[in-house]
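Visitor: Starting off with a structure, shown below.
The values are calculated or read from the model by the stated rules, or taken from the named source; none is laboratory data. All values reported here derive from a predicted model rather than from experimental measurement. Neighbour counts are summed over all protein chains in view; Cβ atoms, including those assigned to glycine, are modelled from backbone coordinates with ideal geometry. Just so you know, the surface numbers come from the protein's heavy atoms only, side chains and all, with ligands and any DNA or RNA stripped out. Shrake-Rupley method; radii C 1.70, N 1.55, O 1.52, S 1.80 Å.
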Amino acid sequence: MVVSVVAKLFALSISWWLFCGYPWTNVQGEYFSSVEQMRQLLKLEQTLLESLDRYIKLHEQKIEFLHRQRDLFGKELKEGLKHDVEYTSNPMSAFLLVNRLVTDWERIRRFMEMDVGVKLQNNTEMPTVDDLVGIAEGLARLQDMYQLDTKAMASGKLFDRKVGRQLKTAECYEIGNKLTSATNYRYAVSWLRESLRLWTTESPGVSKVEVMNALAYALSNQGEYEEALELTNKVLKLQPDNQRALNSKEPLEKWIEYKKEHGLPPPVPDANYKNYPSLCRGDYQRSTKEVAKLRCRYEHNRTPFLRIAPLKLEELNHDPFIVVYHEVLYAKEIATLLDIAKPLLHRSMVGDDVQKKVSKTRTSNNGWLDDVMHPVVRTISRRTEDMTDLAMSAAEQLQVGNYGVGGHYLPHHDYAVPEEGKEAYPAVGKGNRIATLSDVAIGGATVFPELGVGVFPRKGSAIFWYNLHANGSIDARTLHGACPVFVGSKWGKSRYVVVACHNEAAHSQYFIFTVANKWIHEYGQEFRRPCQIDQKV
């Protein structure tokens, strides 16, 4: 807003300087032949000097403005670089960062290029409005899942923990607007209400009328026509000629009459994931009877190597079998994997090999690492075989995943159910896949809604389970999801899908490593995990 005003004034002045004509263009003749003509040159120089003064003053104002913007952005950048992971994964600061790059820096770029000739140099692709909307959606997802209060978030608090500064009126307004663009009117309303609450006559960047109009629109899309009309009337009292409010008033009055006569249609029900939200929040607890038989132990019988270095195993569920292995991936190995994977990351997709697509059910990036790329990748494959006692000859490449602000993967099954006579994941030719691991400060659990099991990740740990029965049939109880990620960067779904039967249903075993996914398929596992005839197994 400030840039826009200064830019307009600067442009107006430059236009005067360039197009109203340099004063000497209006003076003609042989100056040396007349004293009067020479006197005119004094006036000409006086005019030029006055013009130069104005030009210098405008440049000084421009430089002063850029100094202020530089100091402001520099302060934000310094704070972000000090704690880069926490800053970029905090939904509020992440939104503000992208908003600066999408909006503020573009205005400054245009402002700088006016007349001066100095351009901002940048070789990195800039974020877009889509990034802003995506972050706003992630923020709303976190609010919904973890029942977060908008007022507290705007004050920089999450779970009574200070993680950022107080947001300004215009910043809350921008979040609300982007949520409106994403048709998430419920949380758009809450952020626009907060913007209106914070608004004062000294609030820069947005007028009270703009906020009220935006709030009225979001409310109307929620069916709150009465309050929307009330806000619209307030706008018209402040600005009787406000076109947006004038256009909204009559339709709102008609909707109120319709609502009185016919009521509102029932809301579209949310997807039923049972206790997925409560498991993500850690609210749901299994009974003492359910957990009484679960144990922690050292696993050392599977391979000769484990006799020397046994695994720390924690049982989470017996049927289906779900366990966590602790301290199976070391800090240096994790760092190495991330360094290798970062240049390879791209948007995660959902679906089988034929119908893969980007989806809001899974918001993350991932990359694939082959054993030949680095000794650490080969080491992890060997360690996977020690843990699972399954052949890596049927394994896919290691997948490294990274979740951003509010990143999640809604409940899903790891197995595929191919059409009769067709193979699961035909492009791979080895069966099904999928797994999850998290390394975050808050949130980021992997949960099983059908079982009431929630696993909150610990750095270097791995979660393992079978998605299919030993006879090769699917186990629908293994429905699982990755909870929205909060402060911290969630690296990982490490999945080792294992199939031990030559069965079209793809008999899979799920393994999760910190920062990585590994899928192991059925072929070659016949003697490692023999098929069972019993259909109940």
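Visitor: Considering Leu158, Leu192, which residue is within 27 Å of the chain's Cα centre (by Cα), within 21 Å of Ala136 (Cβ to Cβ) and at pLDDT below 95?
Guide: Sole residue among the options that is within 27 Å of the chain's Cα centre (by Cα), within 21 Å of Ala136 (Cβ to Cβ) and at pLDDT below 95: Leu158.
Visitor: Pairs under 9 Å by beta carbon, first residue over 18 Å from Ala292 (Cβ atoms) in the stretch 302-325, partner surrounded by fewer than 15 Cβ atoms within 10 Å (Cβ to Cβ) and aromatic (Phe, Trp, Tyr), six or more apart or different chains?
Guide: Matching pairs, first to second residue: Leu306/Tyr298; Pro310/Tyr298; Leu311/Tyr298; Lys312/Tyr298.
Visitor: Then there's this: How do the pairs read when you match residues in the stretch 64-86 that are under 18 Å from Val405 (Cα atoms) and open to solvent by less than 90 Å² (accessible area, probe 1.4 Å) with residues anywhere that are aliphatic (A, V, I, L, M) and in a helix (DSSP H, G or I), using Cβ under 8 Å and keeping only pairs 6 or more apart or on different chains?
Guide: These pairs meet every condition: Gly80/Leu97.
Visitor: Being open to solvent by 10 Å² or more (accessible area, probe 1.4 Å), out of contact with any Gly (no Cβ under 8 Å at 6 or more places or on another chain) and under 17 Å from Ile334 (Cβ atoms) is the filter here; which residues of the stretch 383-402 pass it?
Guide: Arg383, the sole residue that qualifies.
Visitor: Scan Val417, Val376, Val428 and give me the residue that is modelled with pLDDT of 85 or more and either of a type outside the set (Lys, Arg) or assigned to a strand (DSSP E or B) (or both).
Guide: The unique qualifying residue is Val376.
Visitor: Go through the stretch 372-419 and count every residue that is over 22 Å from Val455 (Cα atoms) and of a type in the set (Ser, Thr, Tyr).
Guide: Looking only at that region, the number is 3.
Visitor: Another question, then. Could you check how many residues of the stretch 385-430 are over 30 Å from Leu158 (Cα atoms) and touching a Leu at 6+ places or on another chain (Cβ under 8 Å)?
Guide: Count: 7.
Visitor: Moving on. Can you name the residue in the stretch 234-281 that is among the small types (Gly, Ala, Ser) and exposed (fewer than 10 other Cβ atoms within 10 Å of the Cβ) and is also modelled with the lowest pLDDT among such residues?
Guide: This residue is Ala271.
Visitor: Return a yes/no flag: does the stretch 398-405 have any residue that is touching a strand residue (DSSP E or B) at 6+ places or on another chain (Cβ under 8 Å) and assigned to a loop (DSSP other than H, G, I, E, B).
Guide: yes
Visitor: Among the residues of the stretch 229-252, what is the count of those that are of a type in the set (Lys, Arg) and farther than 16 Å from Glu210 by Cβ?
Guide: 1
Visitor: Considering the stretch 456-465 alone, what residues qualify as being crowded, with 22+ Cβ neighbours inside 10 Å and either modelled with pLDDT under 80 or not polar (S, T, N, Q) (or both)?
Guide: The answer is Pro457, Ala462, Ile463, Phe464, Trp465.
Visitor: Regarding Arg141, is this residue in contact (Cβ under 8 Å) with a residue 24 or more places away in the chain, of a type in the set (D, E, K, R) and open to solvent by 60 Å² or more (accessible area, probe 1.4 Å)?
Guide: No, not satisfied.
Visitor: Suppose the filter is touching an Asp or Glu at 6+ places or on another chain (Cβ under 7 Å), modelled with pLDDT under 75, hydrophobic (A, V, I, L, M, F, W, C) and closer than 27 Å to Thr379 by Cβ; does Trp519 pass it?
Guide: no
Visitor: Right, here's the next one. With the condition being closer than 24 Å to Leu97 by Cβ, I'd like the helices (runs of 4 or more DSSP H) fully within the stretch 154-246 carrying at least 1 qualifying residues.
Guide: Fully inside the stretch 154-246 and qualifying: 169-181, 185-198, 208-221.
Visitor: When you go through (1) at pLDDT below 85; (2) of a type in the set (S, T, N, Q); (3) surrounded by 14 or more Cβ atoms within 10 Å (Cβ to Cβ) one by one for Thr150, which number turns out not to apply?
Guide: (1)
Visitor: Anything in the stretch 212-229 that is under 23 Å from Arg141 (Cα atoms) and open to solvent by less than 40 Å² (accessible area, probe 1.4 Å)? List them, or say none.
Guide: Matches in the stretch 212-229: Ala214, Leu215, Ala216, Ala218, Leu219, Ser220, Gly223.
Visitor: Output the residues belonging to the stretch 282-305 that are assigned to a helix (DSSP H, G or I) and either open to solvent by 100 Å² or more (accessible area, probe 1.4 Å) or touching a helix residue (DSSP H, G or I) at 6+ places or on another chain (Cβ under 6 Å) (or both).
Guide: Of everything in the stretch 282-305, those that are assigned to a helix (DSSP H, G or I) and either open to solvent by 100 Å² or more (accessible area, probe 1.4 Å) or touching a helix residue (DSSP H, G or I) at 6+ places or on another chain (Cβ under 6 Å) (or both) turn out to be Thr288, Lys289, Pro304, Phe305.
Visitor: Of (1) modelled with pLDDT of 60 or more; (2) over 27 Å from Lys289 (Cα atoms), Gly444 satisfies all except one. Which?
Guide: Condition not satisfied by Gly444: (2).
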